[in-house]
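One structure, as C-alpha cells, below. Some questions next.
Nothing in this text is a laboratory measurement; each read-out follows from the coordinates by a stated rule. Quick caveat: nothing in here was measured; it's all calculated off a predicted structure. Every residue, glycine as well, gets a Cβ built from its backbone with ideal geometry; the counts of neighbours run over all protein chains shown.
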Amino acid sequence: MNNDIALKADHIVKYFYEPQQFQVLKEVSIEVKKGEFVSLTGKSGSGKSTLLYILSTMDTSYEGSLSINGGILTGKSQNELAAFRNEHIGFVFQFHYLLTDFSVIDNVMLPALKLNKKSKAEIEEKAYQNLKMLGLEDQALKLASKLSGGQQQRVAIARALINDPSVIMGDEPTGNLDSKNTDIVFDIFRELTLTRHQTIITVTHDDDFAGKSDRIIQMSDGLII
Amino acid sequence: MLATNLKIAKVHLTSKIKQSIVAVLGVTFGISMYVFMNSFMTGVNDIQTELAFTSISHIHIYNDGPPDNTNLVKKVYKGNVAINIRNARVIQYTEGIKNTGEILALVRKQPEVIGITPQVNINVFFRNGSNKINGTLSGVDVDNENRIFNIASYMTSGSWNGLQYRHDGVILGLDLAHQLSLNINDNLNLLTPDGVSKNYKIIGIFQTNVKNVDKSKAYINISSARQLMDKNQDYVTDLQVNVRDFEITEPVVARIAPVIPYKVESWQTSNQQLEAGSKLRNIIAQAVSLTILLVAGFGIYNIMNMTINEKIREIAILKAMGFSGRDVTQIFLAQAIVIGVIGGLIGMVLGFVIADVVNHIPFKLGGLNYLPMAYRVKDYLLAFIFGLITTLVAGYLPARKASKIDPVDIIRG
C-alpha cells in the first residue's frame, strides 16, 4: 500500500430505497493523497454528499470498499468506526451541528475528552488555541446557541480539528458563511494541508473556493466526470 | 470517559429543566400510586383479618361428640333379623376435654404457638324477667382469653379484668344487653340445659362489631362456669390456640392432631368462607398492584422515550464525533437513573402523604373510625425498586435503538 495515499474508495455503490429504489452512486472510485486539498462539486442530487458521508464512515450501508490511512474500514462495527472517526476524521457539517446547550469551549473539547489521550488541561489549552486561530477566543464560555451562524460554523471547525485528525471532511463548510469568513476558513484549511499534512475533502457549491483547492472532483448522476 | 458522559447527561437534564421535571413527575406519580394503593389494600386486609379473628382462634381443639350412630342396629345385627328398637338414645361417655393440663403443656411446647386458652362453653338462656334469649356462655381464663381475642379492647363499659376477681360477674355483648334491657351493675339470670338457674351481676359490656357475637355471647370466669356445670376444676370444653402466622396452621395441626384424642381443627377448615375471602382479597390486591405497575411503568416508559427522541439529533452529532453506542447508552442510562431516583424518592413521600390523608377520611362502620391504611416499609422499598427498574428499562430500550443507527440516517433526516 502506498504510504502517500490518505484515502482510497473502491467501486462504491449506494442505493436509496425511499421513496423508491434509486442508485445514487454508480461504482465510484477515488484516491486522495496525504496533504491534498480536494473539492467535491456537482449539482444537487449528483451524489456528492452521499459519497462524502460514506467516506466519513458515518454511512455503512454501501457496496465497495473504503480504506483510510491504509486500513480497510468496510465491514467494521459501528463502535470501531466511531473510535476511528474520533481519532482520525474531523467532520464539518453544512449546518453547524453544535450541542447548543453546551458552552463553546465544551463543544470544542468533547471529541478530545472522548479520545481521552491528553489531560483535561492540555485539551482545554488546545481548544483555546483552535478558537484563537478562528478568532473566537473571547466567545469560549458562551453557550453555543448564543453565537451567530458564522461563529457557530467556525466553532464546528475548531471542534473538527481538536484531535489533529489526518482527514478533515466538510459538507459545504462555508455554505452559510459570508465571503470574509469563507476566506478565513479556506486559509485555515490551506495552512493545515501545508504545515500539518492533513488531508481535506470538502463538498462545495462555491466555485471560487473549489477553484483555489488542489483538485476538483466533479460528480454528476452518481459518477465522477 | 464516564466523567464526560455524566457531564453530557447532566447538561441534558438541566438545560431543559421543564422536561426533566415532567419526566420526574411521571415516575413520582406512578410510584406514589403504587405505594398508596398497596398501603390501602394491605390496611383493608389487615382490618378484615382482625375482625375475623375477634371471634375465632387459629386452631380449635374440642370434643367432637360421639360418632354417627343413626344406623346402630345394622352394625350389631347383620343379615335378616327382625329387630324393633324404639326411642334409641345416644349415651355420651365423655363430655369435654380430659387431661387438660397435659394437652396445654404439649401445645405450649410447639414453637409456632403464641397463646392458648381453655374455655367452658355452655348453651344457656339469658333471662331478665320474662325476656328469654338463647345464647352462649363462655367460661374463660381471663388473661389468656384476652391474649388471644384481645377482648379487653372491645369493652364499652366496665373492665375485662374484673372477671378475674368477681366470680359472680358476667360480661355481656352490647346487643344482648339491649335485648334484655339490661345495663352494667344490673342482675342477669342464667338457665343451663341441665335446669340450673343462677343470678350474676353484669360487670362489663363489650362490642366486637361482629353481630352474631354481640347479640348472643357472655363471659364469666372459668371457675364459675365449672361450678355452674357441676364439673371438676379440670373440665374444659374447648381449647383455643393462636399461632404466630395465622396463614400457617397446618404444620402445627399435623403435629399435634395425632397425639391429642380430640378434634384439632384449623380456622381454614372450620371457616372455609373466611379463608376464601382472605385468599380472594389477596388475589385482588395482587391484581390491582400489578395493574398499577403496568400503567405506571408504561407512563414512565413513554416519558423516557419522548425525552430520548428529542435528543436524537444530538446523539447523531455525538456519534459523528466518535462517541460509541456504549457512550450513548451510558448517557441516557445516567439520566434515567437520576430521574428514577429523584422521582422515586419524591414518589415515596407523596405516596405516604396521600396514604396519610386517606387514613384520616372518616369511615364509621363495623367499629372503624377512619379508612384503614397500612404503613409497611416493604411497600415503599418495592415501589422504589420497581420505579428504578422501569425507568432503567424505559431509558435503555430507546437508548439502545439510538446507539445502533448510523449517524447519517438521523442527520439526513
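If I take R0 = 22 Å and measure r between the Cβ atoms of B:Glu247 and B:Val288 in this structure, what FRET efficiency does the formula 1/(1 + (r/R0)^6) give, to the nearest 0.05?
After rounding, the FRET efficiency stands at 0.65.
Using a Cα-Cα cut-off of under 18 Å, which aspartates and glutamates could be cross-linked to B:Lys378, ignoring same-chain neighbours fewer than 8 residues away?
Counting by Cα, and skipping residues close in sequence, B:Lys378 has these aspartates and glutamates nearby: B:Asp46, B:Asp245, B:Asp356.
Over the range B:122-161, one equal point on each Cα, no solvent: what is log10 I(q)/I(0) by the Debye formula at q = 0.16, 0.24, 0.25, 0.34 Å⁻¹?
-0.56, -0.88, -0.89, -1.02
In percent, how large is the relative contact order of chain B, given Cα pairs closer than 8 Å and 6 or more residues apart?
28 percent
For the range A:1-105, take the convex hull of the Cα atoms, compute a quarter of its surface area, and give me that in nm², please.
Averaged projected hull area, Cα only: 8.5 nm².
Please give, to one decimal in nm, the separation of the simple spin-label points placed at B:Glu112 and A:Ser145, each 7 Å out from Cα toward the Cβ.
In this crude spin-label approximation the distance works out to 6.4 nm.
Further question on the same structure: Return one quarter of the surface area of the convex hull spanned by the alpha-carbon atoms of the range B:1-135, equal to its mean projected area, in nm².
Computed as one quarter of the Cα hull surface, the answer is 24.7 nm².
A:Lys120: which lysines have alpha carbons under 16 Å from its alpha carbon, excluding same-chain residues fewer than 8 sequence positions away?
Filter leaves B:Lys7.
Also: Test of understanding: what is the full-extension gain from B:Ala152 to B:Lys74, defined as 0.36 nm times their sequence separation minus their Cα-Cα distance?
The span from B:Ala152 to B:Lys74 would gain 22.9 nm if fully extended.
If one puts a single equal scatterer on every Cα of the range A:80-225 and applies the Debye formula without solvent, what log₁₀ I(q)/I(0) results at q = 0.12, 0.16, 0.21 Å⁻¹?
Summing over Cα pairs of the range A:80-225 leads to -0.48, -0.84, -1.39.
Calculate for the protein assembly as shown the 222 nm mean residue ellipticity that helices alone would give, adding -39,500 (n - 2.57) per DSSP H run of length 4 or more and normalising by residue count, nearest 500 deg cm²/dmol.
So the helix-based figure for the protein assembly as shown works out to -15000 deg cm²/dmol.
In debye, nearest 20: dipole of the range A:36-95 around its Cα centre with unit charges on the Cβ of K, R (+) and D, E (-)?
Charge dipole, the range A:36-95, about its Cα centre: 180 debye, nearest 20.
Of all the Cα-Cα pairs you can form in the range A:161-225, what percent are over 19 Å apart?
32 percent
Expressed as a fraction of 2.2 N^0.38 Å, the rule-of-thumb size for a compact globular protein of N residues, what is the C-alpha radius of gyration of the range B:151-223?
Against the empirical 2.2 N^0.38 Å value, I get 1.03 for the range B:151-223.
Still on this model: By the gyration tensor of its Cα atoms, with a ≥ b ≥ c the square roots of the eigenvalues, what is the shape of the range A:54-140: rounded for a/c under 1.5, prolate for a/b over b/c, or oblate?
Judged from the Cα gyration tensor, the range A:54-140 comes out prolate (a/c at least 1.5, a/b above b/c).
Something else about it: Rounded to the nearest 0.05, what FRET efficiency is calculated for B:Lys198 and B:Asn232 with R0 set to 22 Å and r the Cβ-Cβ distance?
Approximately 0.75, to the nearest 0.05.
Which of rounded, prolate, oblate describes the protein assembly as shown, given a ≥ b ≥ c as roots of the alpha-carbon gyration tensor eigenvalues and a/c under 1.5 marking rounded, otherwise prolate only if a/b is larger than b/c?
Note, shape of the protein assembly as shown comes out prolate.
Right, here's the next one. Å³ per residue of the Cα convex hull, for the range B:228-325?
Once divided by residue count, the hull of the range B:228-325 is 190 Å³.
Sticking with this one: Expressed as a whole number of Å, what is the distance separating the alpha-carbon centroids of the range B:282-300 and the range B:338-389?
Each part reduced to its Cα centre gives a spacing of 14 Å.
Which three numbers, in whole Å and largest first, are the semi-axes of the equivalent ellipsoid of chain B derived from its Cα gyration tensor as √(5λ)?
Semi-axes from the Cα gyration tensor: 67, 26, 17 Å.
Looking at the calculated P(r) for the range B:303-413, what percent of the C-alpha pair distances fall above 22 Å?
50 percent
So which of A:Lys14/B:Lys16; A:Lys142/B:Lys319; A:Lys14/A:Lys132; A:Lys33/A:Lys76; B:Lys231/B:Lys279 end up more than 31 Å apart by C-alpha?
A:Lys14/B:Lys16; A:Lys14/A:Lys132; B:Lys231/B:Lys279
Towards the positive end of the charge dipole of the range B:219-335, with charges on Cβ (+1 Lys, Arg; -1 Asp, Glu), say which of B:Ser278, B:Val252, B:Val236 has the farthest Cα.
Positive-most Cα among the choices belongs to B:Ser278.
Could you work out the pair-distance distribution P(r) of the range A:99-182 from its alpha-carbon pairs, with 5 angstrom bin width and percents rounded to whole numbers?
Histogram of Cα-Cα distances, whole percents per bin: 3, 16, 27, 25, 20, 7, 2, 0.
I've got another one for you. Using only the Cα atoms, work out Rg/Rh for the range B:73-202, with Rh taken as the Kirkwood radius, to two decimals.
Over the Cα atoms of the range B:73-202, Rg/Rh equals 1.14.
Could you tell me which of rounded, prolate or oblate describes the range A:98-145, using a ≥ b ≥ c as the square roots of the eigenvalues of the alpha-carbon gyration tensor, with rounded for a/c under 1.5 and, failing that, prolate when a/b is larger than b/c and oblate otherwise?
Since a/c reaches 1.5 but b/c is at least a/b, the shape of the range A:98-145 is classed as oblate.
For the range A:119-134 and the range B:1-24, write down the distance between their C-alpha centroids in whole Å.
After rounding, the separation between the Cα centres reads 25 Å.
List the pair-distance distribution P(r) of the range B:1-69, using every Cα-Cα distance, as the percent of pairs falling in each 5 Å bin from 0 up to the bin containing the longest distance, rounded to whole percents.
It works out to 3, 11, 9, 9, 9, 8, 8, 6, 6, 6, 5, 5, 4, 3, 2, 2, 2, 0, in whole percents.
Find out how many positive minus negative residues lie around A:His205, taking Lys and Arg as positive, Asp and Glu as negative, among other residues whose Cβ is under 14 Å from that of A:His205.
-3
Now a separate question. So, by mean Cβ neighbours within 10 angstrom, what's the order for A:9-19, B:22-32 with the highest one leading?
Descending mean neighbour count gives B:22-32, A:9-19.
Can you run phi through the Karplus equation (6.51, -1.76, 1.60; θ = phi - 60°) for the range A:129-138 and list ³J(HN,Hα) in whole Hz, with x for Gly and Pro?
3J(HN,Hα) across the range A:129-138, in whole Hz: 4, 4, 5, 5, 4, 9, x, 10, 4, 7.
Something else: Please identify every one of the trypsin sites (Lys or Arg not before Pro) in the range B:87-154 that sits in a loop by DSSP and has no more than 12 other beta carbons within 10 Å of its own beta carbon.
Answer in residue order: B:Arg89, B:Lys109.
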